[in-house]
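Remarks on the structure that follows.
Throughout, read-outs are computed from the coordinates displayed, never taken from laboratory work. This structure is a prediction, so every number in the text was calculated from the model and none was measured. Cβ placement follows ideal geometry from the backbone for every residue including glycine, while neighbour counts extend to all protein chains displayed.
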Amino acid sequence: MTTTYDVERIIADMGESLRAHLASRGITDPTLVGIYTGGVWVAERLHGLLGLKRPLGSLDISFYRDDFSRIGINPQVKPSRLPVSVDDRHIVLVDDVLYTGRTIRAAMNEIFDYGRPASVTLVVLAERTGRELPIQADVVGVHIATSAREHVKLYGPEPLRLTIVEGL
């Protein structure tokens with residue numbers, strides 16, 4: 001059985017939640033940074049919804065993964081691009097699926113290699129069960145309870161489709 005979600009509606013709701021979250025913290029000029037690949041797709045849509053002027057950043061965390069020595073390099077490594085200095089900036093880190101927390105840890109390691117941000121806000125389209133590290137998102141589009149046999153996957157970029165499938 002495959003479950004699908006209305007991703008555009010979820011992202012629209014996330015945009016409103018993120019706007020409120022940033023306002024409550026007094027953040028008026030954040031820098032959005034998406035994690036390749038799905039996080040960039042989600043970040044592009046949020047960037048447009050929020051009407052941000054600062055360019056969107058992107059991270060490829062392939063070299064920062066803690067399983068790099070076991071699985072090898074991703075054959076499609078993309079360059080990371082942070083269009084502004086991260087020093088003293090409010091970074092909004094965007095990913096598609098928060099699962100174990102290891103991707104987010106790797107992304108934060110990479111961000112801190114570029115400098116010291118004022119803050120990092122984590123935004124994810126989907127949060128599923130199975131966390132291995134104490135990482136939680138500030139804004140979540142959808143919470144998904146999954147079994148060990150199920151996988152959550154974002155397909156895109158046009159259209160974006162979030163699905164839960166058994167035994168990928």
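State the extension gain, in nm to one decimal, for the chain segment bounded by F63 and L50, taking 0.36 nm per residue of separation less the distance between their alpha-carbons.
1.6 nm
What does the charge add up to near V142, with Lys and Arg as +1, Asp and Glu as -1, over the other residues with Cβ less than 12 Å from its Cβ?
-2
Compute the Cα gyration tensor for the chain, then decide on rounded, prolate or oblate, letting a ≥ b ≥ c be the square roots of its eigenvalues: rounded whenever a/c is under 1.5, prolate when a/b is larger than b/c in the other cases, and oblate in all that remain. List each step's numbers first, then the result.
Details: a/c = 1.65, a/b = 1.18, b/c = 1.40.
Verdict is oblate for the chain.
For a test of the definition: using alpha carbon positions, the gyration tensor, and the 1.5 limit on a/c, classify segment 70-150 as rounded, prolate or oblate.
oblate
Go ahead and collect, in residue order, the members of segment 8-44 whose backbone nitrogen is under 13 Å from a label point 7 Å along the Cα-Cβ direction of V84.
27-33
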